[in-house]
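Structure first, then comments.
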Amino acid sequence: MRIVVMVAFAGLALWRAWIDWQATIGEGYAFRLASIDRVFAENAPGSHAKVVSILQNFGPDWLWDPVFTTLFSLPLALIPALIAGILWVTRPRGRGRG
């Protein structure tokens with residue numbers, strides 16, 4: 001079952017990378033993966049504004065600028081790829097011969 005979930009997450013990562021490929025290369029631009037922040041802002045602008053305001057007011061002031069902005073600037077395709085990689089590495093291994 002873990003392999004099926006891992007393949008699903010890997011497929012999701014490849015699908016998102018393909019969407020970004022079509023959006024950039026098809027328009028004549030250099031290939032770039034879309035960031036979490038851009039995709040979230042384009043698909044849910046109201047929720048994006050609320051989440052950003054909550055995170056900016058959360059904790060100390062230094063937490064927003066170096067930490068949360070870095071996390072929001074990561075490519076969206078990286079998240080399911082990272083989950084698939086973790087599932088692959090932590091899968092149970094078969095016992096070897098001998």
What does the convex hull of the Cα atoms of the stretch 51-98 come to per residue, in Å³, rounded to a whole number?
128 Å³
Can you pull a Stokes-Einstein diffusion coefficient for the stretch 21-67 at 20 °C (1.002 mPa s), Rh from Kirkwood over Cα pairs, as a whole number of µm²/s?
170 µm²/s
Mind checking which helices in the chain clear 27 Å along their axis (Cα) and have mean Kyte-Doolittle hydropathy of 0.5 or more, DSSP H runs only?
2-25
So if I take the centroid of the Cα atoms in the stretch 65-90 and the same for the stretch 1-47, what is the distance between those two points in Å?
12 Å
What size of dipole, in debye to the nearest 20, comes out for the chain about its Cα centre when the only charges are +1 on Lys and Arg C-beta atoms and -1 on Asp and Glu C-beta atoms?
840 debye
Rounded, prolate or oblate: which fits the stretch 1-41, taking a ≥ b ≥ c as square roots of the Cα gyration tensor eigenvalues, rounded meaning a/c under 1.5, else prolate when a/b beats b/c?
oblate
Based on alpha-carbon atoms only, what is the radius of gyration of the chain relative to the globular estimate 2.2 N^0.38 Å?
1.41
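Values quoted throughout were computed directly from the atomic coordinates according to the rules given, and no laboratory measurement underlies them. Given the structure is predicted, the values throughout are model-derived calculations rather than measurements. Positions of Cβ are backbone-derived with ideal geometry, glycine not excepted, and every protein chain shown enters the neighbour counts.
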